[in-house]
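Presented below is the structure to which this report refers.
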Amino acid sequence: MDLVIFAEQQAFMGKSRAPQIPDFRLTPRIDQVGVGERISRITTRSIKSNAKLQGLKMILNMIDLTTLEGADTRGKVSQLCNKAKFLHASNPDLPTVAAVCVYPNFVSQAKKALLGSPINVASVATAFPAGQSSLDVKIADTKLAVDNGADEVDMVISRGRFHQGEYNYVFDEIAAVKEACGSARLKVILETGELGALDKVRRASDIAIYAGADFIKTSTGKISPAATLPVTCVMLEAIRDYFYESGTMIGMKPAGGISNSKLALQYLMLVKETLGDAWLSNQWFRYGASSLANDVLMQIEKQRTGNYQSKDYFSKD
Amino acid sequence: MGKSPTLEFDSKWNLSPAPESTGHINLKEQYDLFIGGKWVKPASKKYFDTINPATEKVLAKVAEANEKDVNRAVLAARKAYNEVWSKLSAGERGKYIYRIARLIQERAREFSVIESMDGGKVIRESRDVDVPLAAAHFFYYAGWADKLKYAFPNRNPQPLGVAGQIIPWNFPLLMAAWKIAPALATGNTVVIKSAETTPLTLYKLAEVIESAGLPPGVVNIVSGAGETGAAIVNHPDVNKIAFTGSTGVGKIIQRAVVGTNKKTTLELGGKAANIVFEDAPLDQAVEGIINGIYFNQGHVCCAGSRLFIQESVKDTVLRKLRDRMESLIVGDPMDKNTDIGAINSKEQLGIIKKYIEVGKKEGATMYQNSCDLPKKGYWCRPTLFTNVSQSSRIVQEEIFGPVLAVQTFRTIDEVIAKANNSPYGLSAGVWTDKGSKIFNLTSQMKAGIVWANSYNKFDPTSPFGGYKESGFGREGGLHGLKPYLNL
């Protein structure tokens, strides 16, 4: 993905209006049962043959291949970058993943390793995953990532402040990090597993979007539950309402817990039916996952050859 | 300000066909009447075709019962009542009903495929709604069979005798379950008639009844049109009439039973108000509106066909509604991904088209989704009309198709007055985040069923039935036992 093209696209759309910032205490209410019903319509969609293959290739191209461990080393990151570049040697026609996602101190290494490939480097920042630090530290963390060459920054919101009702604080913090990002695209992680209710997910989504998020993202992957279909549905609806309001597209990234192709296809179907065609690209939709890629590869090979292959034919990096 | 931003759903990622297979279906070329536990040829010597409305192909020939046939069926039912069924212990009765329920579950796939072939409804609904709910009704009423004295304490509940039952074409198997299960549980025997366009699953149910070993004559099944129904209604040895269908026919039945001892329940038409307040969870309300009107192609007596949106959120709701309509798939009912199937019959399609023309002539603004329709078969795109009022015919009259009439309102009193301003009173829906508003509104609605923040939810434990010209009597739940008992 090319950032210049992205900027041009936004300019080309030409219908962007800056919408008024709403009162976040009054964000739309969400009915959990109703969301569940919508999801049950999505999960009963039967995605077969051509549609499945096409969907799987899109998914592969939307994955942010991720390693976010205390035990990450130069070796681990270098192996991950290799995996990103050469997903499956026996089928070279496959699309690449969208990005690799690492901690800030590995960004420059990843950047170098991926030089010349279309793969972006995303970095988590802002005292990931808890976000329990001062704004100064978070800005410094963001700058570290950006200065090292990160194309995308995945920040976490201050969930504690959010629960205390300090929505303006959360908003300002996101806006400040956005500014520190410069031209890097900002993904805002809501950590929905800590928000407790879909009403809150919607509120946090609106705060993030209006504060300048380019993407909103469900989870760090460190808290269970991570991404779920209902939570993603609510976030996509927030994106849709903002689009109705302003004409500006915001991206979506469910992360954590999406480890098989079937589930990933259901997410894609949810995007298609909620936001339509324009969002079906890695410009606007991503999966944060580490093990999803291999399952997708396995399914693609199954569609191509007619047989399931052993897991040992797919590289584990 | 430029053109308002639009979402595009004309997809670059389209679903591949995912048809449910029909190879396992075993349909006879010709169905005779099921009377006294035997398959008998009709005295009328007449058969009519039942077709698949999605392909216009003939599925089978079905016997047309005349007065003589109905008389035979009633005699068989009376004999079974006198000699077997009324002498059986309630616990034994319950066992038979449980057996029917289990057999429906076992043959669920077959039932849902035939239901979709014969009626045009999508396989997703027949598989996930019609057939499981039908089985659930039998399970539920089986449990009541030996507990009637506890259901009506200090009374002496006694069966009526022979129940004559007439069911509609929109939910054939499910309506048969609604009728047969409580009748059997309360100790009555049954003569039941299917609708002209959808006789097949009722005859499949006859096969289930056969294999359940139900004593001959306890359930007798006939098919035919209005005259067959009239023969049941007018038969002097029938003790109870249960009818689900149009208000027009309901009125004829009501006239026919005047001065007789027949107990009656009528479940008739509707023109339900679905009310969306500004504080509602709007995205979920939109899903409920879709489910309320486009479920089963709108062939639902309790369909939410009059939408009332609080004026402050009108534009938002309509925009979301149109976008959701764009993602609905119309077409082959057998495809697992189809959302809206075929209109049940050519005749019904004619009625729906007539109303769409009426709406346009009355100056209403029409919106339909932009999908392609198959060449053969009977189809209607999901449709909504704005710019209508209480004085419009498409607001007043039941269309029984995927056509929604949208009005706005300002206050709660206004919307209650408008919602009740209908000769019908079967169901209603209300969407709001405020609990007190729900209770205020539901207590003032003249409707038998009011759904709050949901729509078209059915459960065997819950009574169903109407006010005013939507009929009387309740089906389902404890209430559903009463119309089949002398207390």
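The values are calculated or read from the model by the stated rules, or taken from the named source; none is laboratory data. Since this is a predicted model, take the numbers as computed values, not measurements. A quick note on method: Cβ atoms are made from the backbone with ideal geometry, for glycine too, and the neighbour counts reach across all protein chains shown. Side chains included, ligands, DNA and RNA excluded: accessible areas come from the protein's heavy atoms. Shrake-Rupley method; radii C 1.70, N 1.55, O 1.52, S 1.80 Å.
Which of the residues that make up the range A:42-60 are of a type in the set (Lys, Arg) and within 15 Å of residue B:339 (Cβ to Cβ)? Within the range A:42-60, just A:45 meets the criteria.
Keeping to the range A:145-174, report how many residues are in contact (Cβ under 8 Å) with a residue 12 or more places away in the chain and either part of a strand (DSSP E or B) or acidic (Asp, Glu) (or both). The qualifying residues number 8. Taken over the range B:87-103, residues that are touching a Pro at 6+ places or on another chain (Cβ under 9 Å) and assigned to a helix (DSSP H, G or I) amount to 1. Against the criterion of being modelled with pLDDT of 95 or more, in contact with a strand residue (DSSP E or B) (Cβ under 6 Å, 6 or more places away or on another chain) and not assigned by TED's automatic domain parsing to the domain that holds residue B:344, residue B:220 qualifies. Look at (1) away from chain A (no Cβ under 14 Å); (2) of a type outside the set (Ser, Thr, Tyr); (3) open to solvent by less than 10 Å² (accessible area, probe 1.4 Å) and you find that residue B:469 fails only one, number (3). Looking across B:271, B:263, one residue alone is more than 14 Å from chain A (Cβ to nearest Cβ) and more than 30 Å from residue B:191 (Cβ to Cβ). It is B:271. Taken over the range A:260-317, residues that are over 15 Å from the mean Cα position of the chain (by Cα), open to solvent by less than 20 Å² (accessible area, probe 1.4 Å) and away from chain B (no Cβ under 14 Å) amount to 6.
Looking across B:308, B:295, one residue alone is in contact (Cβ under 8 Å) with a residue 24 or more places away in the chain, at negative phi, among the aromatic types (Phe, Trp, Tyr) and not in a helix (DSSP H, G or I). It is B:308. Each residue in the range B:288-309 was checked for being more than 15 Å from residue B:383 (Cα to Cα) and either within 14 Å of another protein chain (Cβ to nearest Cβ) or open to solvent by 10 Å² or more (accessible area, probe 1.4 Å) (or both), and 2 pass.
For residue B:285, the conditions (1) under 27 Å from residue B:408 (Cα atoms); (2) in a loop (DSSP other than H, G, I, E, B); (3) not polar (S, T, N, Q) are fulfilled apart from (2).
Highlighted here are the strands (runs of 3 or more DSSP E) found entirely within the range B:393-463 that include at least 2 residues which are free of Cβ contacts under 8 Å to residues at least 24 places away in the same chain and surrounded by fewer than 23 Cβ atoms within 10 Å (Cβ to Cβ): B:449-452.
Looking only at the range A:262-291, how many residues end up being under 19 Å from residue A:231 (Cα atoms) and part of a helix (DSSP H, G or I)? Residues in the range A:262-291 being under 19 Å from residue A:231 (Cα atoms) and part of a helix (DSSP H, G or I): 15 in total. Right, residue B:247: of a type in the set (S, T, N, Q), in the same structural domain as residue B:68 (by TED's automatic domain parsing), in contact with a helix residue (DSSP H, G or I) (Cβ under 6 Å, 6 or more places away or on another chain) and open to solvent by 10 Å² or more (accessible area, probe 1.4 Å) or not? So residue B:247 does not fit the description; no. Remark: residue A:250 falls outside the filter, which requires a residue to be hydrophobic (A, V, I, L, M, F, W, C) and under 20 Å from residue A:119 (Cβ atoms).
Applying the criterion of at least 3 residues that are at the interface with chain B (Cβ under 10 Å from one of its Cβ atoms) to the helices (runs of 4 or more DSSP H) found wholly in the range A:30-91 leaves A:32-43, A:49-61.
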